[in-house]
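The values are calculated or read from the model by the stated rules, or taken from the named source; none is laboratory data. Quantities reported herein were computed from a predicted structural model and do not represent experimental measurements. Note that each Cβ is placed from the backbone with ideal geometry, even for glycine, and that neighbours are counted across all protein chains shown.
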């Protein structure tokens, strides 16, 4: 089992006390999760060194993840140095290059992977995680294997492609065609794929399909889900024609703010500020609290400084209740344990992450169903006929004939 542990910005958009992700890691281990990847979306590795060391102390296989981005500061040298630091300071078991934005290209991988590999001792695994957002991930994966990548993160179709990972089935075939040995149970994969396809069909859900290449994505780097939110926000403001302007503003804001990687929560910070800038017709006239905290270093050290003129606007127009120097964040667990004395640590973590009545509602609903019931094909067909406008339907299969009034 493979779990993920985020740093201090891992729950919502709030800054999380250090004891929360540490407890999260401990409970993952106690519940059987013996392999975790730990990453820091800002790139401030000092924040995750204690988490990685704790994972090792717990006997957990610790993967140090390097979030990828495209900018003047995200160089081969940066990733090589971060790799050396993860190995020296935290003793990680493996390194993972995490390309959440699907920004890697075959050309980029040809210099980046060798630089990372040279910073690693022989025999240490290197993993690659990318998305098909630009349609290039399958090519990137195939290129990377010959450069020293040991493990590829894939998804079983029909959950693959789109903005997910490359399809497991296609990668197996392509890797074998290139002469690589892939020891996976293809019959089991095919069975899972068939079941997922049936569920999608029964529930009317879309399936993943390959996406067309879009060079504009490399400029704004906004995740697909966030683009959907842009469209909704702009439509509500009667500014649907400003969609491309918002995406271009994202690119400008990234440069202003020292090139944050467009992954949660920083993608949301950039995107929200971009919408505000376009809607108000003035850049940084309105500044969300999270953007001001980011610029002042609340979330960690920035890879590059914020543009000085932009920083002046952020400080002036952001909330005056935000201190210019980030305060110390007290531990959260003592108060949680005092408030919920009879709860497990797992429940306390859930209550910290989901305020209000959400956890009470979840507990009242009871355990989720462990099995999914697939309806017989004839039942799915009959259900699909509803709303079709048909009244009398005749079905025949072999010598069996069924007449229905829908």
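What to note about this one:
- Taking the stretch 293-316 as the range and being touching a residue at least 60 places away in the same chain (Cβ under 8 Å) and either under 19 Å from residue 74 (Cα atoms) or outside any loop (DSSP other than H, G, I, E, B) (or both) as the test, the residues that pass are 293, 299, 300, 301, 302, 303, 304.
- The lone criterion from (1) part of a loop (DSSP other than H, G, I, E, B); (2) outside the structural domain of residue 309 (by TED's automatic domain parsing); (3) surrounded by fewer than 14 Cβ atoms within 10 Å (Cβ to Cβ) left unmet by residue 208 is number (3).
- Residues in the stretch 125-159 that are assigned to a loop (DSSP other than H, G, I, E, B) and farther than 17 Å from residue 101 by Cβ: 125, 146, 147, 148, 149, 150, 154, 156, 157, 158, 159.
- A search for C-beta distances below 6 Å between a residue of the stretch 18-35 that is touching a residue at least 24 places away in the same chain (Cβ under 8 Å) and any residue that is surrounded by fewer than 15 Cβ atoms within 10 Å (Cβ to Cβ) and part of a helix (DSSP H, G or I), counting only pairs 6+ apart in sequence or on different chains, returns 27/346.
- Residues of the stretch 310-326 that are under 11 Å from residue 296 (Cα atoms) and loosely packed, with under 10 Cβ neighbours inside 10 Å: 324, 325.
Yes or no, residue by residue, for (1) under 25 Å from residue 46 (Cβ atoms); (2) outside any loop (DSSP other than H, G, I, E, B); (3) touching a strand residue (DSSP E or B) at 6+ places or on another chain (Cβ under 7 Å):
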| residue | (1), (2), (3) |
| --- | --- |
| 232 | no, yes, no |
| 241 | no, yes, no |
| 259 | yes, no, no |
| 276 | no, yes, no |
| 291 | yes, yes, no |
